[in-house]
Amino acid sequence: MDVRTDENDPEALWVDAEPQEVATYLGLVDLLRGLQGELDNSWAVLGEIYGGDAKLRELGLTIRRVRSTLDDADRLGARAKYVPVRAKFRTGDELLKLLVGPLYDDNPNIGVRELIQNAVDACREMEDVLAQRRHPVARPNLRRDADVVVFLEELEDGTGCLTVEDNGIGMTPRIICDYFLTAGASFRNCEAWHKQHDDETGTPRVLRSGRFGIGVLAAFLLGNEIHVSTRHVDEERGVAFSCRLEDPEVELRWTDRPVGTTIQIQIGNSRVVDRLVGDGDTPGVDWDWYGLERPRLARGMLLRRTRVPNRHNPSPILTGESWLAPAVSLPSPGSELPAKWRRINYPEFDDLHWTWELPWAMACNGILIGHPNLHASFC
């Protein structure tokens, strides 16, 4: 590599380079782009400071531009053994659309589970923050005196809206951009989370159900557009936004609200609404995913269409607002176990219980995750 002044441009620095592999090429391109940025910023600062003074305005840099043999990628590519481009895996909205259905078996109830999971985790994190700081924080007064409220509203045309509210820790703009809107990125796995919620031995003080950063992806099983309003416990203002998977950009707007998060999903498909409502005497049972007493969860529905009884659904589901009784009750971590429950010591979990008495599910930290004959609860 040769570096010299440009004979045709005395204010330019010329870099003659012939990198032999794409990694070196990309590294040099980034280096020269950064150097040009520094020169541009320096000239701008000098002009801002000294431009108004007749004696000092002549102060400046002798070099203003950086040019190189790498500027013409086509010309370089004609003689190099590699293609001088930055090629890498990217996650586009079309790929996300393809992943949503197969990942969750096209089951909208799973979308509700992921949202409940994130909301419950946010409440646990909030309790940990309050225990460490010991000062009051303005939090929303949710219906039914709950920490998390999940409410399905059916409209007369068969569409609907699912709302998940929590009085948890909330999200900052950075968390929204770097984690919530990035599929596969979980804030609960990052250093900042552990710094806030780990004890002196490096062990988290709070239970975590969601760890893989796929909650927002699962929300699109329910509808094509989500509306989010949130405020982090460390922020003076909240943030609100709406988004679709195909949106090229998302506008975050400041909003006044208490600490916590509200997510609304517009459900434009009546079949999704029907599946969430369910059949028979226990509507909504397929999204009864949570089984602990704290944080407290309340589930409700407002139905506006009458369903006619048939042989598959002999009991009509009534219209109007109703709150759903939980069908699941799990032991709390560290609590005295009810009869017919047993505890197992296992190093990867703080608490592990199991029983054969329940016909449905495996659970992790209060969230149901499967349907084997053996029921187990991991904490």
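The values are calculated or read from the model by the stated rules, or taken from the named source; none is laboratory data. Values in this document were obtained by computation on a predicted structure and should not be read as measured data. As a convention, Cβ positions derive from the backbone with ideal geometry for all residues, glycine included, and neighbour counts pool all protein chains shown. To get the accessible areas, we keep the full protein, side chains included, count just its heavy atoms, and leave off ligands, DNA and RNA. Shrake-Rupley method; radii C 1.70, N 1.55, O 1.52, S 1.80 Å.
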Note to self: Take the residues in the stretch 214-271 that are basic (Lys, Arg) and not in a strand (DSSP E or B); name whichever of them is farthest from VAL150 (Cα to Cα).
What the structure shows: ARG237
Checklist line | Of the criteria (1) part of a strand (DSSP E or B); (2) open to solvent by less than 30 Å² (accessible area, probe 1.4 Å), which one GLU165 fails | finding: (2)
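Just name the residue that is nearest to PRO258 (Cα to Cα) out of those in the stretch 118-144 that are assigned to a loop (DSSP other than H, G, I, E, B) and of a type in the set (A, V, I, L, M). Lay out the reasoning, then the answer.
Taking the stretch 118-144 as the starting set, the residues that turn out to be assigned to a loop (DSSP other than H, G, I, E, B) are 134-142.
Filter again for of a type in the set (A, V, I, L, M), leaving 137-138, 142.
Details: VAL137: 9, ALA138: 6, LEU142: 11 Å.
Looking at residues that are assigned to a loop (DSSP other than H, G, I, E, B) and of a type in the set (A, V, I, L, M), I get ALA138.
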Check: Just checking, how many residues over the stretch 278-289 are outside any loop (DSSP other than H, G, I, E, B) and within 11 Å of VAL150 (Cα to Cα)?
Finding: 1
Notebook entry, point to check: If you check ARG33 against the conditions, is it of a type in the set (Lys, Arg) and over 22 Å from PRO84 (Cα atoms)?
Noted result: no
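Hey, can you tell me all the residues within the stretch 145-162 that are in a loop (DSSP other than H, G, I, E, B) and open to solvent by less than 10 Å² (accessible area, probe 1.4 Å)?
ALA146, GLY158
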Item checked: Residues within the stretch 285-301 that are crowded, with 23+ Cβ neighbours inside 10 Å and of a type in the set (Lys, Arg), tallied -> 1
Item checked: So THR282, is it farther than 22 Å from ASN365 by Cβ, open to solvent by 50 Å² or more (accessible area, probe 1.4 Å) and at pLDDT below 90 -> yes
Notebook entry, point to check: What is the residue count in the stretch 220-246 for residues that are open to solvent by 50 Å² or more (accessible area, probe 1.4 Å) and free of Cβ contacts under 8 Å to residues at least 24 places away in the same chain?
Noted result: 3
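Going by the structure shown, is ARG304 closer than 29 Å to LEU162 by Cβ, of a type in the set (Lys, Arg), in contact with a Ser or Thr (Cβ under 9 Å, 6 or more places away or on another chain) and modelled with pLDDT of 80 or more? Break it down stepwise before answering.
Details: closer than 29 Å to LEU162 by Cβ: yes; of a type in the set (Lys, Arg): yes; in contact with a Ser or Thr (Cβ under 9 Å, 6 or more places away or on another chain): yes; modelled with pLDDT of 80 or more: yes.
Yes.
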Margin query: Based on this model, can you work out whether LEU276 counts as modelled with pLDDT of 90 or more, open to solvent by less than 40 Å² (accessible area, probe 1.4 Å) and over 19 Å from GLY170 (Cβ atoms)?
Written below: yes
